[in-house]
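These notes concern the structure reproduced below.
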Amino acid sequence: MNQATDAPQRPLSPHWQIYRWGITNSLSILHRATGVFLSLGLLVLSCWLISIAAGPAEYASVASFYGSGWFRFVLAAFAFCFFYHLGNGIRHLFWDAGYGFERASIRNSGIVVVVFAVVATAIYALIALI
């Protein structure tokens, strides 16, 4: 009997089926997703800046599109991504300095980052988008 063939087949590296879903990996995935969305926002900003350089007619066209009702939702989503990415980046700076690695501290700081992003986005939406 060969022990290697009788053993159950397990992944050779850490695998998603091994780990429990938790706040840490959820916020890590959200951090990456917001970074990608912010990169797309850079394209939107670039388009707006190019329209300014292209002249008043082009700027008016882009400004009316960006000022439309549905695009205001996109702008609010960009704001959430910005505030979340900012808050989580500051959280990571504390981790880089060696602070906040206790289990309760990791969970609490994650909740604080999400609450900060939601509140800051709401304030931004009330001031800038309405």
Subject >> Rounded to 10°, Cα long-axis angle of helix 23-54 versus longest principal axis of the chain >> reply: 20
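At most 10 other Cβ atoms within 10 Å and a DSSP loop assignment: could you name the chymotrypsin sites (Phe, Trp or Tyr not before Pro) in the stretch 42-130 that fit?
101
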Subject >> Student exercise, the chain dipole from Lys, Arg, Asp, Glu Cβ charges, in Debye to nearest 20 >> reply: 260
**OP:** Could you point to the residue in 65, 85, 44 farthest towards the positive end of the stretch 22-129's charge dipole, with +1 and -1 charges on the Cβ of Lys/Arg and Asp/Glu respectively?
**Re:** 85
**OP:** Counting other beta carbons within 10 Å of each Cβ, put 38, 30, 43 in order, fewest first.
**Re:** 43, 38, 30
Original post:
Hey, what angle do you get for helix 103-124 against the long axis of the chain, alpha-carbon based, 0 to 90 degrees rounded to 10?
Top reply: 10
Original post:
By how many degrees, between 0 and 90 and to the nearest 10, does the Cα long axis of helix 56-66 differ from the longest principal axis of the chain?
Top reply: 40
Subject >> Where the Cα pairs of the stretch 22-129 fall when distances are cut into 5 Å bins, in % >> reply: 2, 11, 18, 19, 16, 11, 9, 6, 4, 2, 1, 0
**OP:** With N denoting the number of residues in the stretch 64-114, provide Rg(C-alpha) divided by 2.2 N^0.38 Å, to two decimal places.
**Re:** 1.59
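FYI, it's all coordinate maths here, none of it is from the lab. What you are looking at is a predicted structure, and each value in this text was computed from that prediction instead of being measured. Neighbour counts run over all protein chains shown; Cβ positions are idealised from the backbone, glycine included.
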